[in-house]
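Notes to accompany the following structure.
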Amino acid sequence: MTEYFPDVGRIEYEGPESRNPLAFRHYNPDEIVEGRSMRDWLRFSVAWWHTFRGTGTDPFGAPTLLRDWNDGTDSLDAALRRVDVAFEFMTKLGVPYYCFHDRDVAPEGATARESAENLDRVAARLKEAQEETGIRLLWGTANLFSHPRYMHGAATSPSVDVYACAAAQVRKAIEVTHELGGENYVFWGGREGYMTLYNTDMKRELDHLARFMHMAHDYAQSIGFTGQFLFEPKPKEPTKHQYDFDAAACLNFMRQYGLTDFVKLNIETNHATLAGHTMMHELEYASIQGVLGSIDANTGDLLLGWDTDQFPTDIYLATQVMLVILKQGGIAPGGTNFDAKVRRESTDPVDLFHAHIGAMDTFARGLKIAAAIRADGVLEDFVRERYSSFDSGIGQRVESGQATLVELEEHILDRSDITLCPSGRQEMLENIVNRYI
Ligand code: XLS
Ligand code: NI
Ligand code: NI
């Protein structure tokens, strides 16, 4: 069998002192943290589209990532060959999961029927490769944004024919995800939004999108797919305003249309920052409402205002992510999917290894640091103390719903000793977190 990465062997854990760039210094899959292995906390996944289909094009330039396995055609042969490439890569990396869009793994045909047949051919090969390697599918999804027919959206298209094309694609993608034992199914509304309200019936578009998701769930149930549905927020790009703007907008939509019983959120770092939030904010917001389902781990660039999808290397960021995930008790059946691409100047296949190794080590460090912070209880104790006036007396009556405005007024009416509450101690807490980094 052809080897596509002949110069790279299995990536091993060598510990923090290692100077081997093709080894893990922190990700030690069997190491136990808070009673669970790193592998199980982190549930890493490789994104098929970026890693095996990425070409390095940008709006100004042609492909720079010229891979042996991408012959420039979108043939079925190339698609089948890519399965070998991917499973060699993922096996050497030691990653337990992968994710794909239907069109990443198999070529689009002239009709929906032909596309479905192509997908079946590749799925059969994916299934074999999964069985040979033990690598599993974290989630599948459908690409409802690349084809020109989706220029006005897919489940929010003004054309019912286009809506039906999207339905056919999603039906098939769910079926294949199910066949491959996928643990989740993702909706990212690539063009589910608008460019101008002058031509848009927002109410009808939102109604149609919700109907679409209900139909997807009905279909999933009819074939016995019990995986988790995930909705992925993103504020803009490609459209000017996406309906799935951020966690709050998604959750409001899910509640309005009765979707919360079967849909959770897949939160992506670069999308959080594009929406003007931190990743930690989005995760915490989703988690406290019981809808944090999975993460797309990447990062944006401080100076670039678009979705640069870079590999995460920031230890503070990973620590903040893992603080929320540990507090939630884990993220399964979701995982940590590297929805990230190497820069177009990183032209060698080995750069794909460097990128993933760095990202996995960054998250492993984030996990260890977050666990250490939690073990000492430094943040938790401070926060608990900060709200302790609500633990008893009238504070407790507020929380249990017994207190009234009149009673609260009486509580302070004649008092002149109301202080500027205790200090928030932000700088001290930042210094404490730095002790653990
Ligand atoms: C694009 C999205 C996409 C989804 C899957 O910005 O992040 O990659 O994760 O369709
Ligand atoms: Ni994503
Ligand atoms: Ni993205």
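The values are calculated or read from the model by the stated rules, or taken from the named source; none is laboratory data. Since we're looking at a predicted model, the values are computed, not measured. A quick note on method: Cβ atoms are made from the backbone with ideal geometry, for glycine too, and the neighbour counts reach across all protein chains shown.
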### Message
On the basis of being within 16 Å of ligand 2 (Cβ to nearest atom), farther than 27 Å from MET195 by Cα and either over 26 Å from the mean Cα position of the chain (by Cα) or not polar (S, T, N, Q) (or both), does TRP69 make the cut?
### Response
no
#### Entry: Cβ-Cβ under 6 Å pairs, at least 6 apart or on other chains, segment 29-40 side surrounded by 15 or more Cβ atoms within 10 Å (Cβ to Cβ), far side among the small types (Gly, Ala, Ser)
VAL33/ALA371; MET38/ALA364
### Positions within segment 94-123 being crowded, with 16+ Cβ neighbours inside 10 Å and part of a loop (DSSP other than H, G, I, E, B), in sequence order
GLY94, VAL95, PRO96, ALA106, PRO107, GLU108
### Message
For segment 274-319, which positions are within 15 Å of ligand 1 (Cβ to nearest atom) and small (Gly, Ala, Ser)?
### Response
ALA275, GLY293, SER294, ALA297, GLY300, GLY305
### Query
Which condition number in (1) among the hydrophobic types (A, V, I, L, M, F, W, C); (2) touching a strand residue (DSSP E or B) at 6+ places or on another chain (Cβ under 9 Å); (3) more than 15 Å from LEU76 (Cα to Cα); (4) assigned to a helix (DSSP H, G or I) is the one that LEU126 fails?
(3)
### Query
Which residues, counting only those in segment 411-433, are of a type in the set (Asp, Glu) and modelled with pLDDT of 95 or more?
ASP414, GLU427, GLU430
### Query
What number of residues in segment 250-271 are within 16 Å of ligand 3 (Cβ to nearest atom) and within 20 Å of TYR194 (Cβ to Cβ)?
2
### Query
If you check ALA372, ALA359, ALA364, which single one turns out to be within 16 Å of ligand 2 (Cβ to nearest atom) and modelled with pLDDT of 95 or more?
ALA359
### Task
Would you point out the residue of segment 163-195, among those that are of a type in the set (Ser, Thr, Tyr) and away from ligand 1 (no atom under 16 Å from the Cβ), that is farthest from ALA106 (Cα to Cα)?
TYR194
### Query
Here are some residues: ALA62, ALA78, ALA86. Which one is more than 16 Å from ligand 1 (Cβ to nearest atom), under 19 Å from ILE11 (Cβ atoms) and among the small types (Gly, Ala, Ser)?
ALA86
### Summary
Counting only residues in segment 281-307 that are within 16 Å of ligand 3 (Cβ to nearest atom), part of a loop (DSSP other than H, G, I, E, B) and surrounded by fewer than 16 Cβ atoms within 10 Å (Cβ to Cβ), the one modelled with the lowest pLDDT is identified as GLY305
### Query
Could you count how many residues in segment 248-268 are within 14 Å of ligand 1 (Cβ to nearest atom) and in a helix (DSSP H, G or I)?
1
